[in-house]
Amino acid sequence: MKWFSALVMVLLLALMLYATSDLPDHADPQAPANTYVSPTYIENSVKDTHTPNVVTAILADYRGYDTLGETVVIFAAGLACALVLMKKAGEKEDR
Amino acid sequence: METYYSLKPLLAVLVSLLAVVLIVIPNQRPNVRESWTIMAAVAKFTIVLSMLPSVLQGQYPEITLFAISPGISLALKVDSLGIIFGLSASLLWVLASFFSIGYVRGVPEHKQTRYFASFAICLSATMGIAFAANLLTLVVFYEILTIATYPLVIHKETGAAIAAGRRYLVYLLTGGVALLLALALTYQISDSVDFRAGGILPAGIGKSSLILLFILFLTSFGVKSAIMPMHSWLPAAMAAPTPVSALLHAVAVVKAGVFGFARIIGFIIGPGLLQKSGMGDFLAALTAITIIVASLVALRQDNLKMRLAYSTVSHLSYIVLGLALFSPSAWIGGLLHIVNHAMTKITLFFCAGAIYVRTHCQNVSEMNGIGRQMPITMSAFTLASLGLAGIPPINGFISKWYLVQGTLDVGQTIYAATFLISGLLNAGYLMSIVCRAFFRGSDKFVKYGEVSPSMLIPLVLTAMFSLLLGLFPDQFPFLFQLAARVASNVLGGGGP
Amino acid sequence: MSSLSILILAPLLLASFLATLVGIWRLTWAYIITIIGIALSLAAASAGLFRVLQEGTLRHYLGGWPPPFGIEYVLDHLSAFMAIIIVFIGFVIVIYPPGAGLYHVPRKGVPMYGLVLLLISGLIGVVVTGDLFNLFVFLEIYSLASYALITLGGNRAVVASFRYLVLGTIAGGFYLLGIGFIYFSTGTLNMADAAQLLPALYSSPTVVAAAALIVIGMGIKLALFPLHVWLPDAHSYAPPVIAAILAAVQIEVAGYVIVRMMLTVFRPEYFIEILPITSAIGWVAAAGIIFGSLMAIAQKDFKRMLAYSTVAQVAYVGLGIGLANPLGLIGGLLHILNHAFMKSCLFLIAGGIRFQTGLHEVSQFAGLGRKMPLMMTAFTVAALSMVGIPPTCGFFSKWYLILGSVEAGNWVFVAVILTSSLLTAVYFFRILEKLFAAPPNDDEAVTKATEPSPKIVVPILVLAIGILVLGLINALIVTRVLWPVVALLPTG
Amino acid sequence: MIWQIDFWLLVILIVAAVTALSLHDLLGAVAALAAYSFFVALLFAQMGAIDVAFVEATLGAGITGVLFIIALFLTKRRTED
Amino acid sequence: MVELFIARYVYLMIVVLLIIGLYGMLGKRNLLKKLIGMNIFQTAIFLFFIEGATKAGGSVPVIDQQLGMAAAQYVNPLPHVLILTGIVVGLALTGVALAFILVIYRAYNTLDDKAIMKEMSK
Amino acid sequence: MIRQRYQSIIIQSICSLLIPFIQLFAIYVILHGHYGPGGGFQGGVLLAVSVLLQRLYLGKEVAYQKFPPKLALALGAVGMLIFGLAGIVPMAFGGSFLDYAYLPLPGVSGAELRYLGILIVELGIGLAVFGTLVLIFDNFIGGRW
């Protein structure tokens, strides 16, 4: 197990170093991520939603569906905890 | 050679499946259940028989159900080759049903519902194989047949039966996967899997892929038709009840393998390609060896059913050898032998079953003097033995005649010798039983008489059929006609 | 614009919230709402499939924002195909009585129904979304729900589930990293949009790593050998119903993601030629098929055997992807459908047997065949389908896979498929022999066993009949639904 | 945007992560994890993501820490690795 | 050289964090340690996203009328949204995993992976 | 773990004083999400923290009377329902899922409507997160239904 996890880590390290070699530089304004889709949000959020906080505008409107999913995740976590830890009848109160 | 749309082939397949449902429902009432079996058998035979006239005239009933894979339909077509097989199988089902009823009540067997249901499924599958219009349809029914036979093989549920079932599955499923691969290869190479007389493979096919394809087909159908060295499941499967051995191991399952060879040699690969690649000679040699070796092994068997099983192994190779010689006479002989062997061998198995039911005696060495107690049974046995050995007035002679003639046509005298030697061996291992039965005295069997009529009548009937087919071949001209037409179509490269 | 795609999902989500809410007071109502929700979803999924077949791809812009700014739902042939499988299996699972499907029903089933619905809706969400990140969110939803549901199997199940959670989180993390790389290279999260932008960047190490990370992540979720380590425990300790849906659809969805990546986000040529991803998947899957089959033969416990069999069967999907030609991929995708029916049927049977007799080891099953004829007939059908006997559906996926391998000239794959058929036959016929031929043991559990109530038998029979019907209509499915999916692949 | 701030924060992060994983006292490990989360939140804020920083501080450092500590109280505090 | 380092070092350190987290998940035997590793692993991914969103000269993505609405003025807000989701998902996973740990401890009285395996195989 | 009321009067009074302010701040955070950092998640967490604090200093028995665990689950589900309905209602009026521009609120339209839609959704998120976190906490400390 030890050597296996070591191998996995070395492989991941190599892969990540390889991958990051072509990423845009730190804080590069011309990076694709900074120029392609996101400017539209910044430029339109006030016009479209009257919401100056662009993050909120994206979170709840442009990509509101992601947020629905995210809330569902935490809801599911609540249900999961309830399912796992729910006491059965007659069980002791606490450990 | 025209085809016309008809529901009859489908009905012929479905009628026994319907019977399965009807058999399973009245679980606890044997009479109802068995009457369904009989009715289905009779209905099936009637349907198949009613297609005979049009097939004889060259009008082939055909039904295409639906595409089962893009470009390949589940299609049934009754052609000359198919109806030979279909007719013999469905006729013998009727007789075997009566016999089964007598047998299972005489022994008595357990789980009769499962028994009859599996039996009916087997017959459906056999009809499907006989009438399949393309290789995929054939494969579908072929696998169904494999699986439906399994419950019959393990029917006795003893250790030996289960072991036999395992061996059966190992062999047959291996054959099944080989067939699947062969099917895929065929489809890949020729873009079609429809049967066409003279073969569908393109003439320009590479030799190595042809050989691979042939080896795969040989493995798959060779297993079922018990060509050595792939035969060992068949003797083991004799652990099954005798009617099962009779019908399935003389008529349906193994003949499906032989029939598969006929389809492959004549309708998929084509005689020309086979001959050119030398694979035909290989197959002929293999089957010739099987004929001799199996006959020799049969001589040494004491268990009657085992002896018959090895005899079956040998006779199946007769047919395949006939097919592998690529001469019209040999083809005709081989195809006629499908029917003739079925008649005689089922008689022998029926007799073995009758003896077992009456005396619980399975070994040849214990059968001294039995002929005097069960004269009718043993007379039928004698008749069938003579037929298998190829003694003139019985039907076996006719097919053997054509087979030998075929070997001479193509100048392969060594195979003619094979047939003759094997005839002698046949006489040896079968007539010795007859001799014991009639000419050796024993007081062991004084209290036994003949079996019940439901068993006796079928075996007398099949024996009589053998005799009639041999005595008056002219009265059954259609068999010869059909076989001759198949032979000329395949070897002459004519239409379907 | 068509709202059908979201209409498959919305009833499930709303029903799960509602079921949780009313379940606090009345459990029956929660059950009813669950069934209504999933029935509505099934109707929408069927309608969606028909619409897709007639009109082609249906798109829905969530929030009214067109992509790439908003999230897009895309119902094309592939997703409609997957969606209907998921919802149908989900429906069968839900109507299967919880008493038989779970070892012990939680005293208050409040969270259970909600979680089952969330599991199904998560799977649907992954399948119909056209957005990379949205896919991640729904991936986590279904993962979370399945982690929780596995624990219904008792203490061992909790341990198994914990390990699954750790590995699943790594998988999710890898996927997230992968889409991060794609996003920072292209600037978009929309699949179709990324597909437009990616070809210019194919030589970039970042994109290469993105593809590799996504495939590895999904390989963990798909339990592709040797990343399958979590599966046998999780699926064998989970209660039968949960194991049924996990094995039948949950892991296959990961296979869907790989196919989606290969077909839509990246071009197939990229996965086939530029990166050797598909052939790597193919070889790994081939090893997995053999490994899973051998391990399944070695198992004594019925459900554990099924779990190892899942490792093998899921690798067929991997093999289909690995072949990367139309026929092979059709085989893989068809196997998703077939395996869903076969495996859920088998797990439900395991549940039925255990509920009725308390037995779970194969060796104890001797003689059950007579006692429960209907269930065992269904088992026979499913087992034959697993082996690949025509005309059951299992034959046809193998048929297409073999055609694909022959076309690719890959004889090793052919040998693997054929060998695994035989190995599968070994472990299923062993059980069939026990059920029908072996002398019944005198165990009271067997002698007193009877056919379970229709509530248990009917879903099983529906699946068994489905196996036969799918076998017969597979040409229809292949020509109408799957051909358009694989049309993008290079032939020959 | 002074890159040294980012750099030292990241160094602290790595130290905190290693500490969290290597401490044998689990309470200490959890505390290190909370510190780690807090510094991550700082880094987020430094990088301009105040919303994320806020959520990380409340959820990541807060609630996660609380849950970890409850779990710790209900189980064992020491570990061999 | 320094330029290149400045341009790249964040990625490198994030990769280091990622590996540390992965080591925690795979190499540590204590289940709580595995969870801690999981948190580190996820946070490293989040850091990667936020790092990618930075923009030289960009400010917090809340539109300020004085700054105007030019996109170059603000950092990229989209990854922030994604990471908000990611953090919540991470919390959910941690919560559920901790719940599992409680149950496992109740059943086996240990949190050591190997010991649990031994208990389970009994 | 948390059986009875925490004994120190100082802590009790400080906590009881603190809790309303935390809740007020939480609501502010939810509502202020449009203009600055904040929103449903953060606000929901803060609300949950206030209840957790109550649980801690009042002890389980009393706190459960003040805020029953069932209520937490119900609130979570209600929050999710609000979000879900905000998605499904626009569809009934001809829009897409979650398309706030089609919310049937008279008198507002366009960007204003979207603004309100975001508010509704944030409230839903807040409730859901609040309920769920309290639920998780209750289950961790061994709560009963």
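Can you give the longest stretch of chain B with no exposed loop site, where a site means trypsin sites (Lys or Arg not before Pro) in a DSSP loop (not H, G, I, E or B) with at most 13 other C-beta atoms within 10 Å?
Values: sites that count: B:Arg440, B:Lys447.
Between exposed loop sites, the widest span is B:1-439.
The Cα-based radius of gyration of the protein assembly as shown, divided by its Kirkwood radius, gives an Rg/Rh of 1.06. Packing, taken as the mean count of other beta carbons within 10 Å per residue, orders the peptides E:33-43, A:72-82 from highest to lowest as A:72-82, E:33-43. Residue by residue along B:71-83, Cβ atoms of other protein chains within 10 Å of the local Cβ number 1 on average. Mind grabbing the base-10 log of I(q)/I(0) for the stretch A:37-85 at q = 0.24 Å⁻¹? Debye formula, identical points on the C-alpha positions, no solvent, two decimal places. After summing over all Cα pairs, the log10 values are -0.79.
Nearest 20 debye, what's the magnitude of the dipole of chain C about its Cα centre given +1 on Lys and Arg Cβ and -1 on Asp and Glu Cβ?
Numbers: 23 positive and 18 negative charges, 193 e Å.
Computed about the Cα centre, the dipole is about 920 debye.
Could you work out the percent of alpha carbon pairs in chain C separated by over 37 Å, rounded to a whole number? In whole percent, the long-distance tail amounts to 21. Mean partner shielding of peptide F:82-95, defined as the number of other chain Cβ atoms within 10 Å of each residue Cβ, is 4.
Relative to the Cα centre, the charge distribution of the protein assembly as shown, modelled as +1 at Lys and Arg Cβ and -1 at Asp and Glu Cβ, gives a dipole magnitude of about 4700 debye.
Based on C-alpha pairs under 8 angstrom that are at least 6 apart in sequence, the stretch E:27-122 has a relative contact order of 35 percent.
Relative to the longest principal axis of the Cα atoms of chain B, the long axis of helix B:80-106 makes an angle of roughly 20 degrees.
Note: relative contact order over chain C, using C-alpha pairs below 8 Å and six or more positions apart, is 14 percent. Counting only other chain Cβ atoms within 10 Å of each residue's Cβ, the peptide C:458-465 averages 0. Dipole size of chain E about its Cα centre, with +1 on Lys/Arg Cβ and -1 on Asp/Glu Cβ: approximately 640 debye, rounded to the nearest 20.
Sort C:304-311, C:88-95 by the packing proxy (mean of other Cβ within 10 Å over each peptide's residues), most packed first.
On the way: C:304-311: 25.8, C:88-95: 22.9.
Result, highest mean Cβ count within 10 Å first: C:304-311, C:88-95.
Calculate I(q)/I(0) for the stretch D:3-74 by the Debye formula, one identical point scatterer on each C-alpha and no solvent, and give its log10 at q = 0.17, 0.27 Å⁻¹ to two decimals. Summing over Cα pairs of the stretch D:3-74 leads to -0.61, -1.13.
Given the DSSP H assignment, sum -39500 (n - 2.57) over each helix run of at least 4 residues in chain B and divide by its residue total; what's the result at 222 nm in deg cm²/dmol, nearest 500?
Values: 20 runs with 359 residues, N = 496.
My calculation for chain B gives -24500 deg cm²/dmol from helical runs alone.
Too long at a 31 Å Cα-Cα cut-off: which of B:Lys111/C:Lys343; B:Lys77/B:Lys276; E:Lys122/F:Lys70? Listed pairs above 31 Å: E:Lys122/F:Lys70.
For the stretch E:39-84, the equivalent ellipsoid derived from the alpha-carbon gyration tensor has semi-axes of 25, 10, 7 Å in decreasing order. Relative to the dominant Cα principal axis of chain C, helix C:132-150 is inclined by about 10°. Residue separation times 0.36 nm, minus the C-alpha to C-alpha distance between E:Met117 and E:Leu67: what's the value? Length gained, E:Met117 through E:Leu67: 12.0 nm.
So for chain B: antiparallel DSSP bridges make up what percent, rounded to the nearest 5? The answer is about 70 percent antiparallel. Specify which residue in the list F:Phe130, F:Gly38, F:Leu58 is farthest towards the positive end of the charge dipole of chain F, using unit charges on the beta carbon of Lys, Arg (+1) and Asp, Glu (-1), about the Cα centre. Projecting each Cα onto the dipole axis, the largest value belongs to F:Leu58. Beta bridges from DSSP with both residues in the protein assembly as shown: antiparallel share about 80 percent, rounded to the nearest 5. Shown here is the pair-distance distribution of chain B: with all Cα-Cα distances grouped in 10 Å bins from zero up to the longest one, the shares run 4, 22, 33, 27, 11, 2, 0 percent.
Cross-link reach is defined here as a Cα-Cα straight distance under 30 Å, omitting same-chain residues fewer than 8 places apart; for E:Lys55 the lysines meeting it are A:Lys47. Dipole orientation for the stretch C:224-353: of the candidates C:Phe341, C:Gly288, C:Pro326, C:Phe341 has the Cα lying most toward the positive pole (charges on Cβ; Lys, Arg +1; Asp, Glu -1).
Peptides C:39-45, E:103-109 ranked from most to least packed by the mean count of surrounding Cβ atoms within 10 Å: C:39-45, E:103-109.
Which entries in the list C:Lys398/C:Lys434; E:Lys28/E:Lys118; B:Lys345/B:Lys400; B:Lys224/C:Lys300; C:Lys303/E:Lys33 go over 23 Å, if you measure between the two C-alpha atoms of each? From the list (C:Lys398/C:Lys434; E:Lys28/E:Lys118; B:Lys345/B:Lys400; B:Lys224/C:Lys300; C:Lys303/E:Lys33), the Cα-Cα distance tops 23 Å for C:Lys398/C:Lys434; B:Lys224/C:Lys300; C:Lys303/E:Lys33. Structural size metrics of chain F, computed from C-alpha coordinates, are Rg and Dmax of 17.9, 59 Å. As I understand it, the dipole of chain B uses +1 on the Cβ of Lys and Arg and -1 on the Cβ of Asp and Glu, about the Cα centre. Which of B:Phe478, B:Gly159, B:His341 lies farthest toward its positive end? Positive-end residue among those listed: B:Gly159.
Each reported figure results from applying straightforward, stated rules to the coordinates on display, with no laboratory input. The structure displayed is predicted, hence computed values, not measured ones. With ideal geometry, Cβ positions are generated from the backbone for all residues, glycine too; neighbour counts draw on all protein chains shown.
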